[in-house]
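Worksheet: one structure, shown below.
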Ligand code: 13P
């Protein structure tokens, strides 16, 4: 089974109008990529990003509300993201699980809403350092997957991102063996639950301090189908070599 690789950038709460030029530079550097490229800018930029980004760059949201409309001040629905030009949405990022106490059940509801709006979802899972030290990593990941991913997914509309919390924004990266162990486990769980059709076609991304300097080694690990990149996705100069590494993987 060959899975098309995915280089995804999560800009988090970074970026204003001036950042849109990064999309152009990125597209110029990758006119014909062998991998999919996705940028998830802040919600304020989605509409303009979707209009200005050349077609080889998809645009995504970073969260959505489970309801389509309603009295939820400050929130954005999956339908609104799709209407603004997003094709994907990141759900269950550890920063949202922590800042807003999002539970697996909350994430699952959002996934159902996003799929209903025609979006593809990137569901994030990952352990804290305390959980890793207590040798609970695989239990935590298995539990998050079981709780956050609904039954209705397909290999086309689901992406799973493994983001160890302790590796996000810290410059610390798990060893390649540790990454491989978790990605193999996620693959096994997907196949066991959804069968080979969905399980083998779902892409699994690694996220957490991916940089131009470590990307190629990470992309060599089995069952790593790309990356979800934070800090190094903010400029085309940093993200482009990561895309190139994935193109060559
Ligand atoms: P960094 O690449 O900045 O560590 O962030 C990873 C991340 O959280 C992507 O969603």
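None of the figures in this text is laboratory data; all of them are computed from the coordinates on show. What you see is a predicted model, and the numbers here were worked out from it, not measured in a lab. Here Cβ is always computed from backbone atoms with ideal geometry, including for glycine, and neighbour counts include all displayed protein chains.
Values computed for the structure shown
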{"item": "Verdict on residue 25 being in contact (Cβ under 8 Å) with a residue 12 or more places away in the chain and within 16 Å of the ligand (Cβ to nearest atom)", "result": "no"}
{"item": "Of residues in region 143-159 being under 17 Å from residue 106 (Cβ atoms) and not in a loop (DSSP other than H, G, I, E, B), the one farthest from the ligand (Cβ to nearest atom)", "result": "146"}
{"item": "Residue list for region 208-225, filter: over 13 Å from residue 162 (Cα atoms), within 15 Å of the ligand (Cβ to nearest atom) and part of a loop (DSSP other than H, G, I, E, B)", "result": "211, 212, 213, 214"}
{"item": "Enumeration of residues in region 110-141 that are assigned to a helix (DSSP H, G or I) and touching a strand residue (DSSP E or B) at 6+ places or on another chain (Cβ under 9 Å)", "result": "110, 111, 113, 114, 115, 140, 141"}
{"item": "Hits in region 79-109 (condition: part of a helix (DSSP H, G or I), in contact with a strand residue (DSSP E or B) (Cβ under 7 Å, 6 or more places away or on another chain) and surrounded by fewer than 24 Cβ atoms within 10 Å (Cβ to Cβ))", "result": "94"}
{"item": "Residues being touching a helix residue (DSSP H, G or I) at 6+ places or on another chain (Cβ under 9 Å), within 15 Å of the ligand (Cβ to nearest atom) and not in a helix (DSSP H, G or I) - total across region 226-249", "result": "5"}
{"item": "Tabulated pairs, region 94-105, first touching a residue at least 40 places away in the same chain (Cβ under 8 Å) and closer than 14 Å to residue 164 by Cα, second in a helix (DSSP H, G or I) and within 14 Å of the ligand (Cβ to nearest atom), C-beta under 6 angstrom, 6+ apart or interchain", "result": "94/165"}
{"item": "Given (1) within 16 Å of the ligand (Cβ to nearest atom); (2) surrounded by fewer than 15 Cβ atoms within 10 Å (Cβ to Cβ); (3) not in a loop (DSSP other than H, G, I, E, B), number of the condition residue 166 does not satisfy", "result": "(2)"}
